[in-house]
Amino acid sequence: MADQSEVLSAGLVERQRVGQHTEDLLPKRHGVSDALIMLLPPEEDHDLAMARIFSDPVAMGNLEFKMLPNGYTAKDTAARRLDRDERQVKKEQLNYTVVVKKSLVPENVVTKIDDDEYLPPKRVLIDSGHIDVDEPYLVVGCCGLLNMDAFNRSASVGIILDSRFWRTGISSAALYYSLKFGFNDLKLHRIGIETTEKNAGMRGWTENVLGIHVESIRKESLYLGNGKFVDSWDYAIFDYQWHGRAEARLRSKLRMVG
């Protein structure tokens, strides 16, 4: 069996042969704009909306282990954003704020939105140029790639979404673009999805849309506080599954053409 130094050497040779290192492909500021959503680099004017989402017991109902006892303030959210920005600079994760233009807010959601929740139009700078948000917009969540391991070409994907926008297709679109960037641009081999048994929506989406099944159940690995733990249900999708069928299935669900 090869020792660790041989394994590392072989990995470096392979990456040099390919000519592109996974960590070199991860931008400091990245964004996506499509017909349904925009994924923007997190910024200060997103903090107040994200604090409300992080403090919402419905939105966080399946993510109790991520909640603070008294909810999030804008200051708490700012600290979280800055920490995640630093991790992106270190090539450890890719962070997005999920936003929706006012004209694209689903009709059944419009009446649930207060006028002061909309942010004004702006130009957002990204590494490859800019994205123009040309009308008022809403911050509706966050998503991205976590636990980046460039050598092993792996990461995990996650999303937190305003509960008013559940079952609107926005979560599927945000996850699609996160997975697409991971597999198509970063050339990752494995992307994990971690959830809990009670999160039937995410488990059903993962199994029925991506067509993958639970890889493992880590017993009592997530701490809720007050001596309570829950199991982590772990899934993983691989590059050959993504390119083989999962990307096409997700594009079909989102009614993307071409």
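The values are calculated or read from the model by the stated rules, or taken from the named source; none is laboratory data. Quick caveat, the model's predicted, so the values are computed rather than measured. Please note: Cβ atoms are built from the backbone with ideal geometry, for glycine as well, and neighbour counts cover all protein chains shown.
Being surrounded by 16 or more Cβ atoms within 10 Å (Cβ to Cβ) and in contact (Cβ under 8 Å) with a residue 60 or more places away in the chain is the filter; apply it to the stretch 210-238 and report the residue that is farthest from ASN184 (Cα to Cα).
VAL230
Can you tell me which residues in the stretch 144-164 are buried (at least 23 other Cβ atoms within 10 Å of the Cβ) and closer than 21 Å to SER55 by Cβ?
Result: GLY144, ASP162.
Considering each residue of the stretch 181-209, count those that are among the acidic types (Asp, Glu) and either surrounded by 17 or more Cβ atoms within 10 Å (Cβ to Cβ) or closer than 15 Å to SER156 by Cβ (or both), and give that number.
Count: 1.
Residues in the stretch 161-187 that are touching a Phe, Trp or Tyr at 6+ places or on another chain (Cβ under 9 Å) and not polar (S, T, N, Q): how many?
7
When you look at ASN70, is it of a type outside the set (A, V, I, L, M, F, W, C), outside any loop (DSSP other than H, G, I, E, B) and either surrounded by 15 or more Cβ atoms within 10 Å (Cβ to Cβ) or without any contact (Cβ under 8 Å) to a residue 12 or more places away in the chain (or both), yes or no?
Values: of a type outside the set (A, V, I, L, M, F, W, C): yes; outside any loop (DSSP other than H, G, I, E, B): no; either surrounded by 15 or more Cβ atoms within 10 Å (Cβ to Cβ) or without any contact (Cβ under 8 Å) to a residue 12 or more places away in the chain (or both): yes.
Criteria not met by ASN70.
Hey, can you tell me all the residues within the stretch 175-229 that are closer than 27 Å to PRO69 by Cβ and assigned to a loop (DSSP other than H, G, I, E, B)?
THR196, GLU197, LYS198, ASN199, ASN226, GLY227
Mind checking which residues of the stretch 147-174 are in contact with a Cys (Cβ under 7 Å, 6 or more places away or on another chain) and assigned to a helix (DSSP H, G or I)? Spell out the reasoning first.
So in the stretch 147-174, the residues in contact with a Cys (Cβ under 7 Å, 6 or more places away or on another chain) come out as 158-160, 174.
The one that is in contact with a Cys (Cβ under 7 Å, 6 or more places away or on another chain) and assigned to a helix (DSSP H, G or I): ALA174.
List pairs: first residue in the stretch 48-61 and small (Gly, Ala, Ser), second residue assigned to a loop (DSSP other than H, G, I, E, B) anywhere in the structure, Cβ distance under 7 angstrom, at least six positions apart or on different chains.
ALA51/TYR72; ALA51/THR73; SER55/GLY71; SER55/TYR72; ALA59/ASP162
Which of the residues that make up the stretch 13-56 are crowded, with 19+ Cβ neighbours inside 10 Å and either among the hydroxyl-bearing types (Ser, Thr, Tyr) or at pLDDT below 85 (or both)?
Of everything in the stretch 13-56, just one residue is crowded, with 19+ Cβ neighbours inside 10 Å and either among the hydroxyl-bearing types (Ser, Thr, Tyr) or at pLDDT below 85 (or both), namely THR22.
Pick from GLY192, GLY169: which is over 19 Å from ASP85 (Cα atoms) and at pLDDT below 95? Can you show your working first?
Working: GLY192 fails: at pLDDT below 95.
The conditions single out GLY169.
May I ask you to say which residue of ASP83, ASP56 is out of contact with any Asp or Glu (no Cβ under 6 Å at 6 or more places or on another chain), of a type in the set (D, E, K, R) and in a helix (DSSP H, G or I)?
The match here is ASP83.
Looking only at residues that are hydroxyl-bearing (Ser, Thr, Tyr), closer than 16 Å to ASP162 by Cα and free of Cβ contacts under 8 Å to residues at least 40 places away in the same chain in the stretch 80-128, which one is surrounded by the most Cβ atoms within 10 Å (Cβ to Cβ)?
Residue satisfying both the conditions and the ranking: TYR118.
Would you be able to tell me the number of residues in the stretch 161-213 that are over 15 Å from the mean Cα position of the chain (by Cα), among the basic types (Lys, Arg) and closer than 20 Å to GLY31 by Cα?
Residues meeting the conditions: 1.
Taking the stretch 139-166, which residues are at pLDDT below 95 and among the acidic types (Asp, Glu)?
ASP149
Within the stretch 230-258, how many residues are outside any strand (DSSP E or B) and either closer than 19 Å to PHE183 by Cα or touching a Ser or Thr at 6+ places or on another chain (Cβ under 7 Å) (or both)? Let's see the steps before the verdict.
Taking the stretch 230-258 as the starting set, the residues that turn out to be outside any strand (DSSP E or B) are 239-258.
Next, only the ones that are either closer than 19 Å to PHE183 by Cα or touching a Ser or Thr at 6+ places or on another chain (Cβ under 7 Å) (or both) stay: 239-254, 256, 258.
Residues that pass the stated criteria total 18.
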